[in-house]
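Since every read-out is calculated from the coordinates, none of them should be taken as a lab result. Predicted, not measured: the structure shown is a model, and the values here were computed from it. In this analysis, Cβ positions are derived from the backbone assuming ideal geometry, glycine residues included, and neighbour counts consider all displayed protein chains.
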Amino acid sequence: MIVVAGREGFVVTDKSNYREFHVGVGSLSHPEFVAAVEASDVVKPHSLPRHLWVSIDFLHRELGTTDSLKALADLEDMLSFASSKGWVDDEGKYVAAHVVVPE
C-alpha cells in the first residue's frame with residue numbers, strides 16, 4: 001500500500017498490497033511535499049531521513065477496516081510484522097514508512 005501526498009492531503013492507494021508500504025510524494029515538488037507533511041495530521045516527521053510516521057487510525061479509515069474483516073486482518077498482520085521490527089511507535093499510534101522520491 002502506498003500513502004500518496006497530494007495538494008489536498010494524503011490518500012492510500014494500492015490498498016490490497018500490504019507488503020510494499022511506503023509514502024510517495026506524488027506530483028508534489030519538494031517544498032510542496034514538506035508543506036503537506038507539516039499541515040497533515042496523518043503523517044509526522046520521523047527521526048530517520050526519508051522516513052515518516054503514518055497514523056494507524058488513518059490507515060484503518062482509508063482501508064475501511066470497520067467494514068471489511070479481510071482488510072482488518074491484513075492490516076493487523078502488517079502492523080504485527082512492523083512492530084516486530086521496531087517500526088511501530090511506543091504508543092502504538094504510528095507506523096514508520098520510507099519516503100520514495102522519484103528520480
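Quick notes
- With K and R counted +1 and D and E -1, the other residues having a Cβ less than 15 Å from that of LYS44 yield a net charge of -4.
- In terms of overall dimensions, the stretch 56-103 has a Cα radius of gyration and Dmax of 12.0, 37 angstrom.
- The trypsin sites (Lys or Arg not before Pro) of the stretch 68-102 meeting both criteria, a DSSP state outside H, G, I, E and B (loop) and at most 14 other C-beta atoms within 10 angstrom of the site's C-beta, are LYS85, LYS93.
- Compactness check for the chain: Cα Rg over 2.2 N^0.38 Å is 1.02.
- Shown in residue order for the stretch 19-33 are the 3J(HN,Hα) couplings computed by the Karplus curve 6.51 cos²θ - 1.76 cosθ + 1.60 at θ = phi - 60°: 9, 10, 8, 7, 10, x, 7, x, 9, 6, 6, 4, x, 5, 5 Hz (x for Gly and Pro).
- Under the convention that each Lys and Arg Cβ holds +1 and each Asp and Glu Cβ holds -1, the size of the dipole of the stretch 28-103 around its Cα centre is about 140 debye.
- Antiparallel bridge percentage (DSSP; both residues within the stretch 2-100; nearest 5): 70
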